[in-house]
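All remarks here apply to the structure that follows.
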Amino acid sequence: MHIKTTMRYHLTPVRMFFLTVLSFSYVAKALSGIFMKISNTQIERRFEISSSLAGLIDGSFEIGSLFVIVFVSYFGSKLHRPKLIGIGCFLMGTGSIMMALPHFFMGYYRYSKETNIDTSENSTSNLPNCLSNQMLSLNRTPPEIVERGCVKESGSHMWMYVFMGNMLRGIGESPIVPLGISYIDDFSKEGRSSLYIGTVNAMGMIGLVFGFMLGSLFAKMYVDIGYVDLSTIRITPKDSRWVGAWWLGFLVSGILSIISSIPFFFLLPNPNKPQKERKVSLFLHVLKTNDKRNQIANLTNRGKNITKNVTGFFQALKSILTNPLYVIFVIFTLLHMSSYIASITYIIKIMEQQYGRSASETNFLLGILALPAIAIGMFSGGYIIKKFKLSLVGLAKLGFCSATVHLLSEVLYFFIICESKSVAGLTLTYDGNSPVRSHVDVPLSYCNSECNCDESQWEPVCGNNGITYISPCLAGCKSSSGNKEPIVFYNCSCVEVTSLQNRNYSAHLGECPRDDACTRKFYIYFAIKVLDSFLCAIGLISYSVLVIKIVQPELKALAIGFHSMILRSLGGILVPVYFGALIDTTCMKWSTNSCGARGACRIYNSTFLGRAFFGLKVALVFPILVLLTVFIFVVKKKFRGKDTRVSENERQVMDEANLEFLNNSERFAPSTEE
């Protein structure tokens, strides 16, 4: 009976209302965050940009967050917290909608030079074959007309709207977590705040699952759905030029974020304000008198206090930066999180290019398998730490096991890399008889040299010899089946060269599919990925406790804040950029617009892509083992004979960090603002 009375006292209707609307905002926050990650490849193709630039757009969220994190941390608790959260939700929603705006201004998506942008006629009559291209020189578009359409066709710099919208989303999201948690902590009885915070974060987890499911659905929809006749679209979701309805996700999450902002403007600045006001009113007159007496003294001392605070800040910063354990901790957690940020940012591209899976399928599998594995792993890690009452050395060893499993997984991936597709003109000569040393400027063969083909075109066809050709023209095809599905091209002279035992010299539209061996490798890859996610998540939760045990108690807040800043700036911002630049180096065929400018990559050398991507991840993870070994050695030496087991308060911090890590798993970097 006493417990029920206590719960009713501490969870009044107003406080329950706050928990409800904060949970709703967490769902909207999770949706917008996961939509950004899973739309990365779609944005790259829609705006005809490189992976490195798409990575910079992805990192703009952290740039925006860094702009206001100091303001929120210092002034947030002194101002009207619910209104600040409401403003943050509104800005987050506005940023998401801004990211979707270019879709409505750019016109129809042109996945091919032969696509008619005005009528969206994508029939095979627009696909020049060998015979039709022999007349191409008589029907060339005048250069001045081509030049005039350049800016409109390429979309110019419309990606800047996505960049700025994502930055605004980062600015808006910054106050939600720290101010929401502090507000909950104010009205919660001691020991109950973790329960309420856990409930809110659990709702955020639901948002992540919904995000993956909706992302899978939207990725199946063509980008211009509702504007074009879908029966005329000749590409499928597995095509490297396919762009799904990426903008729908941002529109949905933006509207939800704006709706979630409204209730916060009607809440009190302090959950305990009415009770406090009754107590304060008895002494109001005395306080006013004292304020007048002390006003002059306060003005005199204010300047001295500011100087003292600034000096104290730099002394505290120097103290944590000269702490060897803290410096080692920051470095190895940065390396570990960098590997995970790279995984979540580019996993869809890897699964598309390596194993031929569509973005829709990848999103669905991540949502129903990988995300639950991470959640179970995090809670299992928390249980292990509590059950065995791990000491500081035990926590470090748990992190060491996590890094070891992750390293072994990355090494295993090298053995299940699929070989690059056989593509005439990129990996083979155009006649398909010999491999080429370089994909650059492969000379034409006698089978297509008279066809007058546009070598910059990417309209792949799969010959019945199992070789992919860049276009029907470069395959030497003379005729086609017209608009009849499936679209087939006949009398292909380059296919004939390698089809000595087959008199059917045809090719069908689209790249040749991956073989059965590669499909089996995909299942092995995803099984390892799920197992790796589970086992590594068990150890990662130990990091949230390590950071508060290796510094003095009075420096804990500064240590957490500085650690968060490093992860955001060197991890969240830079990792997508330099991994994207590395991925760009493995591209074999870039799209080009009518102006001749380079666009998005159409096909990668999957062997080089796998080796480069997993190789860089190994280079990031291996030093972690060395640093953790040094860390354990220093801890044993420094804390010899001392009790460094996790206390009850630290367990509560760990529980909250556990749930918050999961809620922010769209970035795979723990939120440490609390």
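Some points to look at:
- The set of residues in segment 480-491 being in contact with a Cys (Cβ under 9 Å, 6 or more places away or on another chain) and touching a residue at least 24 places away in the same chain (Cβ under 8 Å) consists of PHE489 alone.
- Checked against (1) open to solvent by 50 Å² or more (accessible area, probe 1.4 Å); (2) assigned to a helix (DSSP H, G or I); (3) within 25 Å of LEU365 (Cα to Cα), GLY211 passes all but condition (1).
- Candidates in segment 57-80 are the residues that are crowded, with 20+ Cβ neighbours inside 10 Å, modelled with pLDDT of 85 or more and not polar (S, T, N, Q); of these, the one that is nearest to the chain's Cα centre (by Cα) is ASP58.
- Checked against the criterion of being open to solvent by less than 50 Å² (accessible area, probe 1.4 Å) and touching a residue at least 60 places away in the same chain (Cβ under 8 Å), the candidates GLY432, GLY463, GLY425 yield just one match: GLY432.
- Within segment 400-417, the set of residues being crowded, with 22+ Cβ neighbours inside 10 Å and modelled with pLDDT of 90 or more comprises ALA403, HIS406, GLU410, TYR413.
- Exclusive hit being more than 30 Å from GLY382 (Cβ to Cβ), surrounded by 16 or more Cβ atoms within 10 Å (Cβ to Cβ) and free of Cβ contacts under 8 Å to residues at least 40 places away in the same chain, set THR586, THR592: THR586
- When segment 464-489 is filtered for residues that are out of contact with any Gly (no Cβ under 8 Å at 6 or more places or on another chain) and either of a type in the set (Ser, Thr, Tyr) or not in a loop (DSSP other than H, G, I, E, B) (or both), the ones remaining, listed by number, are THR468, SER471, SER479, SER480, SER481, VAL488, PHE489.
- Some residue of segment 534-557 being touching a strand residue (DSSP E or B) at 6+ places or on another chain (Cβ under 6 Å), surrounded by 15 or more Cβ atoms within 10 Å (Cβ to Cβ) and not aliphatic (A, V, I, L, M): no
- For the criterion of being part of a helix (DSSP H, G or I) and crowded, with 17+ Cβ neighbours inside 10 Å, PHE562 passes.
- When ILE320, ILE385, ILE350, ILE344 are checked against the criterion of being open to solvent by 10 Å² or more (accessible area, probe 1.4 Å) and touching a residue at least 40 places away in the same chain (Cβ under 8 Å), ILE344 stands alone in meeting it.
The values are calculated or read from the model by the stated rules, or taken from the named source; none is laboratory data. In this text the structure is predicted, and so the values were computed from the model without any measurement. Neighbour counts are summed over all protein chains in view; Cβ atoms, including those assigned to glycine, are modelled from backbone coordinates with ideal geometry. In case anyone asks, the SASA skips ligands and DNA or RNA and just uses the protein heavy atoms, side chains included. Shrake-Rupley method; radii C 1.70, N 1.55, O 1.52, S 1.80 Å.
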